[in-house]
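What follows is a short report on a single structure.
The values are calculated or read from the model by the stated rules, or taken from the named source; none is laboratory data. Small disclaimer: the values here were computed from a predicted structure and weren't measured. Ideal geometry is used to build each Cβ from the backbone, glycine not excepted, and the neighbour counts take in all protein chains shown.
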């Protein structure tokens, strides 16, 4: 029987850049082998894979579009072929709208793209991985596996020029609740990590706007940009069993954005 406490393996979708890269490196530093899923940027994936190996852990790079069922299956099959187990799934992959369109002008094409990638993909990848985790728990291959869904403050903060993004993130919040309720009896805990304004390629085009909101207007009580490693630390808290009596929990990594103050 495999030792369920050794050589833990995580899948991180969208793991080659931004928040995903921060999560991958934090998990590697915490002792996880990591499957780095990416969609297109093979060079970035190779670079983060080398960083994982420099931390003394193994990395497997798997290109897959999580909006496509066959790719999701290939991602899971590749993980099992390489590492033989899945102890942690981090649903991180996501895209922004190609065009920030006013709610009254937004297109069905943009809506469909964001729902497919940002919501349908994680929803069904979680289903697929959960089945694997249940089987591996029964076989004694793993113990206390976990699933993390990375959402956004856009799950509840309305942005009328990217409604499709907000709807998808709100769906992820409910996805967390659903799977937490369904999987608790099997010993699989599910968590939502809700980042705020994080310095990544996605937020780069609006840096000046958020600089003003953060540093001059007090948008967040903690007056700095979030960094990918801030999200990585939250994932590690889950991954290292620091929250064993919590499931369906929302972990806000947002500098206090969610606070209502007078």
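Tell me whether segment 103-117 contains one or more residues that are under 30 Å from residue 244 (Cα atoms), buried (at least 17 other Cβ atoms within 10 Å of the Cβ) and either within 17 Å of the chain's Cα centre (by Cα) or modelled with pLDDT of 95 or more (or both).
yes
Selection of segment 66-88 for residues being surrounded by fewer than 19 Cβ atoms within 10 Å (Cβ to Cβ) and either in contact with a helix residue (DSSP H, G or I) (Cβ under 8 Å, 6 or more places away or on another chain) or over 24 Å from residue 137 (Cβ atoms) (or both) yields 68, 69, 70, 71, 73, 80. Residues in segment 60-77 that are touching a residue at least 24 places away in the same chain (Cβ under 8 Å) and closer than 18 Å to residue 130 by Cβ: 64, 66, 69, 72, 73, 75, 76.
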